[in-house]
Amino acid sequence: MKQVLITGASSGIGEQLAGDYARQGWQVYACGRNSDKLQALHKAQDNIVPLVFDVTDTQQVHQAASEITGQLDLLLLNAGNCEYIDNPMQFDAALFERIIKVNLVAIGYCLEALLPKIKSGGQLGIVSSSAAYLPFPRATAYGSAKAGVSYLAKTLAIELKPHNIAVSLISPGFVKTPLTDKNDFDMPMQVSTEYASNAIIAGLAKRRSEIHFPYFFTMILKLLAALPAPIWRAIAQKMQTSTQSQP
Ligand SMILES: NC(=O)c1ccc[n+]([C@@H]2O[C@H](COP(=O)([O-])OP(=O)(O)OC[C@H]3O[C@@H](n4cnc5c(N)ncnc54)[C@H](OP(=O)(O)O)[C@@H]3O)[C@@H](O)[C@H]2O)c1
């Protein structure tokens, strides 16, 4: 039985991935802080094993790693959170630290504890965001964290190749989850968690170094990112003005 460990499996994209891998016959270590939610996943599919820990607590991460038996075919680092800095003139450093910690620093904790658990020939998938392609107003903390995550994944893809571990950088567009349900702005080309999970599982099966979706949306962002910086700055300035005019 193949083994996958998924962080952030109690909700949204990670929950869908956990269910889909379990239905395909994998043993799934489903991680998160919400024990009730993870136990419910286990009740529904007994090849889902709950692992309750906070990814921002390095001791808890190491304790969880010690509970894994055997070696992982796939480690999927997906846990994350989003909060916005609405007013850069009243920069919220605590929010900035929180968001960098859960999205970026915690990946370091997970790599330290869990990378040695991946078998030779195995895979590492890291969930970043297409927000990392361009600077978006209010995404000061989230975008900075995800830009770091993308850099990290691309570097590890080079460094882990000699260790026979394939690394995939996963950059979703908008996916309908509790995380995006909090957003107060239009989210173009938003897809379902089923769509996201299918795209991620298919990309990982092909050991793609980069998985991004929905394709049309992410290609537009990539194109905008390739244009001279003043063009995007002008567009983003308008976005900022329209956001500020919202109630
Ligand atoms: N939804 C989108 O449009 C979108 C787009 C691009 C990228 N992403 C990325 O995709 C990933 C999943 O997002 P989602 O939309 O599925 O969000 P979600 O539904 O809010 O799920 C977030 C998951 O992360 C876990 N998590 C958060 N903080 C944690 C902590 N301190 N320790 C352990 N687990 C923690 C949560 O589990 P507990 O609450 O149980 O701890 C939950 O399972 C994130 O990295 C997000 O940045 C999402």
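Of note:
- Count of residues meeting criterion [buried (at least 19 other Cβ atoms within 10 Å of the Cβ) and assigned to a helix (DSSP H, G or I)] in the range 204-216: 1
- Among (1) open to solvent by 20 Å² or more (accessible area, probe 1.4 Å); (2) out of contact with any Asp or Glu (no Cβ under 8 Å at 6 or more places or on another chain), the one test that Ser150 misses: (1)
- Of all residue pairs spaced 6 or more apart or on separate chains, those with beta-carbon atoms under 7 Å, a first member in the range 110-121 that is more than 13 Å from Ala79 (Cβ to Cβ) and a second member that is of a type in the set (D, E, K, R) are Lys119/Asp73.
- The listed residue being of a type in the set (S, T, N, Q) and farther than 27 Å from Ala9 by Cα, out of Thr177, Thr241: Thr241
- Selection from the range 37-60 of residues that are near the ligand (Cβ under 9 Å from one of its atoms), over 23 Å from Ile200 (Cα atoms) and not in a loop (DSSP other than H, G, I, E, B): Val52, Gln60
- Selection over the range 1-25 of residues that are assigned to a loop (DSSP other than H, G, I, E, B), more than 7 Å from the ligand (Cβ to nearest atom) and in contact with a helix residue (DSSP H, G or I) (Cβ under 9 Å, 6 or more places away or on another chain) gives a count of 2.
- Members of the range 177-187 that are open to solvent by less than 20 Å² (accessible area, probe 1.4 Å) and either within 16 Å of Leu77 (Cβ to Cβ) or in a loop (DSSP other than H, G, I, E, B) (or both): Thr177
- For the range 83-104, the set of residues classified as crowded, with 16+ Cβ neighbours inside 10 Å, hydrophobic (A, V, I, L, M, F, W, C) and more than 30 Å from Asn47 (Cβ to Cβ) consists of Ile85, Leu95, Phe96, Ile99, Ile100, Leu104, listed by residue number.
- Restricting attention to the range 188-203, the residues that are within 12 Å of the ligand (Cβ to nearest atom) and loosely packed, with under 14 Cβ neighbours inside 10 Å add up to 3.
- Filter pass, Gly80 being assigned to a helix (DSSP H, G or I), within 14 Å of the ligand (Cβ to nearest atom), open to solvent by 10 Å² or more (accessible area, probe 1.4 Å) and within 25 Å of Arg208 (Cβ to Cβ): no
- Pick from the range 148-176, criterion of a type in the set (Val, Ile, Thr) and not in a helix (DSSP H, G or I), ranking: farthest from the ligand (Cβ to nearest atom): Ile165
- The single condition from (1) within 16 Å of the ligand (Cβ to nearest atom); (2) open to solvent by less than 10 Å² (accessible area, probe 1.4 Å); (3) not in a helix (DSSP H, G or I) that Ala141 fails is (3).
- Residue in the range 64-74 that is free of Cβ contacts under 8 Å to residues at least 60 places away in the same chain, within 13 Å of the ligand (Cβ to nearest atom) and closer than 16 Å to Leu115 by Cα present: yes
- Listed conditions (1) among the hydroxyl-bearing types (Ser, Thr, Tyr); (2) open to solvent by 40 Å² or more (accessible area, probe 1.4 Å); (3) within 15 Å of the ligand (Cβ to nearest atom); (4) free of Cβ contacts under 8 Å to residues at least 60 places away in the same chain are all met by Tyr133, apart from (4).
- Any hit, the range 90-108, residues being of a type in the set (D, E, K, R) and more than 15 Å from the ligand (Cβ to nearest atom): yes
- Count - residues of the range 54-84 that are over 21 Å from Asn164 (Cα atoms) and of a type outside the set (Ser, Thr, Tyr): 16
The values are calculated or read from the model by the stated rules, or taken from the named source; none is laboratory data. Quantities reported herein were computed from a predicted structural model and do not represent experimental measurements. Heads up, the Cβs are rebuilt from the backbone with ideal geometry, glycines too, and the neighbour counts pull from every protein chain shown. With ligands, DNA and RNA removed, areas are computed over all heavy atoms of the protein, side chains included. Shrake-Rupley method; radii C 1.70, N 1.55, O 1.52, S 1.80 Å.
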